[in-house]
Structure formats: structure tokens, C-alpha cells
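Structure, as C-alpha cells:
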Amino acid sequence: SGDLAFVHLAAATTVKSDAFFDEACASLRGMVTATQHTAYPIAPDLVTSVVNVNGMGVCPDWTCLRWSRRSPECPVIPSARELLSGVGVPGLPGVAEMYQQLWGRSVGSKNQSSVAMVSMPFLTASPKPDAFVLALRDSLPPASVYAFSLLEYDQKESAYGMFPIVLALAVVAISLFAAAAYQSALAPFKLLLTVVAPVMFVYGCLVSIFQLGALEPLNLPALADEFGVHWGVPVSTAVVLIGLALDYDLFIFARIYEFRQQGYENRAAVVGGLATSGPVISGAGVVMALAFGSLLFSDFRLNVQMGFVFTFGVTLDVFIIRPFLVPTILMLGAESNYWPAKMPPGTRTIEELEERLLWARKSGAADGLLAAAADARLAGGGA
């Protein structure tokens with residue numbers, strides 16, 4: 001079972017009345033009945049209150065108490081007033097004392113309300129809890145039940161209600177900013193294609209490992225989780241993962257754009273951008289993956305799953321997507337990468353680029369001086 005739920009039972013006049021006991025017990029019984037057809041039925045013995053008893057071996061599983069007289073459902077049990085005055089149950093010592101302690105903990109000092117406690121059979125991580133939550137809330141007055149699991153359920157519903165909007169706004173904002181920065185209408189959206197598929201693949205692997213148990217034969221504690229994927233992982237990591245992936249892609253495109261402005265044909269510009277930015281991005285990606293990888297050793301499943309998403313996502317992007325998929329996408333419809341910006345004719349070939357990069361490596365030219373120094377050498381025909 002999950003955590004405790006607290007059901008507030010308000011009295012029209014006073015708790016010490018048959019009217020309150022009848023109404024409160026009927027309300028709690030209705031709650032139990034309403035959940036019986038869901039995946040998480042509340043058993044009578046999970047409800048503890050001053051208005052009902054749970055059998056105790058001499059009564060039905062659910063017996064409503066009365067304040068002033070004994071319940072017709074189980075006359076052997078004294079009335080609430082008798083229990084408070086110390087009248088016990090024959091053969092069951094200590095019942096009156098336990099009832100008095102329960103009364104002291106669950107009834108207000110002014111005797112105007114009481115609280116019932118329910119051991120919840122439901123966890124936020126439990127599959128398909130919607131029917132249970134709706135049945136529970138429909139059976140009780142509004143705002144009368146509180147439980148941490150229900151609060152977390154509401155947070156999850158609210159987060160996923162806003163998630164598509166936040167994700168769409170983030171993607172549009174990033175794309176528009178990149179389009180304005182590079183004066184290219186289509187390149188950001190082409191790069192976005194290199195992000196969507198890998199991100200979907202990462203979350204597919206997340207579900208396969210943590211929910212479907214794809215790696216259970218390895219018996220790795222960090223990758224085993226009986227509760228499946230935590231609901232907070234996608235909403236916490238999706239925008240960050242997209243941002244990291246696009247960030248690396250834009251680093252490459254910035255260099256490609258620079259080479260293309262210098263008159264290199266598109267293929268040469270793509271190769272040059274990958275060659276000059278690749279080592280830096282790979283190093284940054286390794287550092288990022290190692291940093292996020294530490295989360296895999298956490299004792300909290302949310303941290304472990306977030307660590308997996310970030311570590312695997314960054315590693316996949318740096319070593320697979322960036323060197324293979326990004327150049328392939330940017331080679332398709334070459335001039336659309338820069339439209340509507342005006343680029344010089346692509347007269348400089350990949351052979352010139354290779355010579356330029358080779359000279360820069362041999363001479364140890366800093367990246368910022370590479371273009372000027374190498375181009376001056378090529379123009380002068382020097383060695």
C-alpha cells in the first residue's frame with residue numbers, strides 16, 4: 001500500500017451525535033464501495049475512524065458505530081459514548097482504551113470535526129490510477145481528502161497538461177533564435193530533425209530498460225526498478241536534452257556557415273565544420289556525460305533515470321548523431337542551409353580545405369588565426 005490519506009469529516013453541530021456518526025460512516029462506506037471496481041480497491045480494514053470498527057472477529061468487516069446507542073449491525077460493540085466512558089468489549093481487552101486514544105488523535109478539540117485515516121492502496125507510480133482517483137474523489141465532498149500520493153498525482157496531471165505547450169514553445173523559440181542569428185530560415189528546422197529522432201530513441205530505451213526490464217538479465221541494481229519510469233523524468237529532461245543536442249549542432253553549423261562564407265562549396269564547408277568543431281564538442285560531451293553519469297549511482301530512482309537520459313542522450317548525440325546524421329542532413333538541399341542569406345559562389349574545393357587544415361595542424365595555428373594564416377599561405381602559394 002501507499003501513504004496515508006486523511007478524510008475530513010465535518011459535523012453540522014457536534015461530533016457527539018447520532019446524526020454525525022450515521023452521515024460520516026455512510027460517507028466512508030460509500031468511498032470504500034466506489035473504489036471496489038477500480039484497480040486499487042480500498043479494503044474495509046484500511047479505514048480507521050471513530051465512526052466505524054473493522055470486525056475484530058465479532059462483527060462484520062465494516063460496522064458503523066453510533067454515538068448514543070449500540071449499532072444494530074453488531075450489538076456486542078458498545079456505543080461511542082460508552083467506549084469513551086470505559087465500557088469495553090467482552091473477550092477483547094483494551095478496546096475502550098484504544099478507542100479513547102483514537103478519539104484524542106482524530107477529533108477536534110471543539111468536537112466539530114473528525115479525521116479518518118485511510119491506508120492508500122495506490123501509488124503515483126502505479127499504472128492507470130485515474131479511475132481510482134476519480135472514484136475516490138467523486139465519493140467524498142470536495143476538498144475533504146488529502147494524501148501525498150494524490151497531491152503528486154495532481155502535480156503529474158498538471159505537469160503533463162502543460163508539457164506539450166512548454167516543449168513546443170521551447171523548440172519554436174530556439175529555432176527562431178537560430179534562424180535570426182544565422183540568417184537561415186531552414187537550417188534550424190533541418191537540425192531539429194537530427195534532434196527529434198534521437199530524443200525519441202533515448203526515451204524508448206528508457207522505457208525498455210526501466211519499465212520493460214530489457215537489461216534485467218545483467219542484474220544491475222542501478223538499472224532495475226519495479227515501479228517503471230518515474231513520471232517526472234520526461235518533463236524534467238526533454239527540454240534540457242533538446243537544448244543540449246541543438247547546442248552541439250549549432251556549434252557545428254556555426255563553423256559550416258563560416259566556411260561557406262569563405263567561398264567553400266557546401267560539401268567542403270560541412271567537412272570543415274565537422275573537422276574543426278568536432279574535438280571540442282566531443283570533449284565537452286564526454287565531460288557532460290561523466291558529470292551526469294554520477295546520477296546513476298544515486299539511491300533515488302528519479303535521479304538514476306534522469307542520469308541515464310542525460311548520459312545516454314549526450315553520448316548518443318556526440319558520437320553518433322553529430323558525426324554521422326548532422327552532416328548527412330546538411331548535405332541534402334545544400335543551398336537551403338543558408339537561404340535567404342546570400343553566399344559567395346562555392347568555388348573552393350574540399351582539396352583546398354584539406355590542405356588548409358593540414359597546414360594549420362602542422363604549424364599549430366590557433367583556431368582563431370587559422371583562416372587568415374592558411375588563406376594567406378594558399379593565396380601566396382608558399383609552403
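The values are calculated or read from the model by the stated rules, or taken from the named source; none is laboratory data. Just so you know, these numbers come straight off a predicted model, no measurement behind them. Cβ sites come from the backbone with ideal geometry, for glycine too, and all protein chains shown count toward neighbours. Just so you know, the surface numbers come from the protein's heavy atoms only, side chains and all, with ligands and any DNA or RNA stripped out. Shrake-Rupley method; radii C 1.70, N 1.55, O 1.52, S 1.80 Å.
A Förster radius of 35 Å, combined with the Cβ-Cβ distance separating residue 299 from residue 144, puts the computed FRET efficiency at roughly 0.50.
In square angstrom, what is the accessible area per residue of the chain with a 1.4 angstrom probe? Spelled out: the 1.4 Å probe surface of the chain, per residue, equals 50 Å². A cut-off under 10 angstrom between Cβ atoms defines the neighbours of residue 269, and their net charge, with Lys, Arg +1 and Asp, Glu -1, is +2. Of the residues 8, 37, 230, ranked by 1.4 Å probe accessible area with the largest first, the sequence reads 37, 8, 230. The P(r) of the chain has a tail past 26 Å containing 67 percent of all C-alpha pairs. Helix screen, the chain: DSSP H segments with Cα axial length of 30 Å or more and mean Kyte-Doolittle hydropathy at least -1.0 are 148-182, 187-210, 232-261, 266-293.
When the accessible area of the range 7-146 is computed with all protein chains present and a 1.4 Å probe, what percentage of it is carbon and sulfur? Kindly include the intermediate steps, with their values, before the conclusion.
Values: 3940 of 6840 Å².
Its accessible area is 58 percent carbon and sulfur atoms.
Cβ-Cβ distance of residue 119 and residue 173, R₀ of 56 Å, FRET efficiency by 1/(1 + (r/R0)^6): the value works out to about 0.75. Only Cα sites of the range 157-376 enter the Debye sum here, all with the same form factor; the resulting log10 I(q)/I(0) across q = 0.15, 0.17 1/Å is -0.98, -1.15, listed in q order.
Over the chain, what relative contact order in percent results from Cα pairs under 8 Å that are six or more residues apart?
15 percent
Where Lys and Arg each count +1 and Asp and Glu each count -1, what net charge lies around residue 327 among other residues with Cβ under 15 Å from its Cβ? Display every interim value, and only then the final one.
On the way: positive: 190, 255, 260, 267, 322; negative: 249, 265, 317.
That works out to +2.
Residue order by solvent-accessible surface for 348, 260, 361 is 361, 348, 260, largest first, with ligands and nucleic acids left out and a 1.4 Å probe.
For the range 157-376, which whole percent of the accessible surface, found with a 1.4 angstrom probe, sits on carbon and sulfur atoms?
Working: 7920 of 11130 Å².
Of all accessible area on the range 157-376, carbon and sulfur atoms account for 71 percent.
Estimated from helices alone, the mean residue ellipticity of the chain at 222 nm is -18500 deg cm²/dmol (sum of -39500 (n - 2.57) over DSSP H runs with n ≥ 4, per residue).
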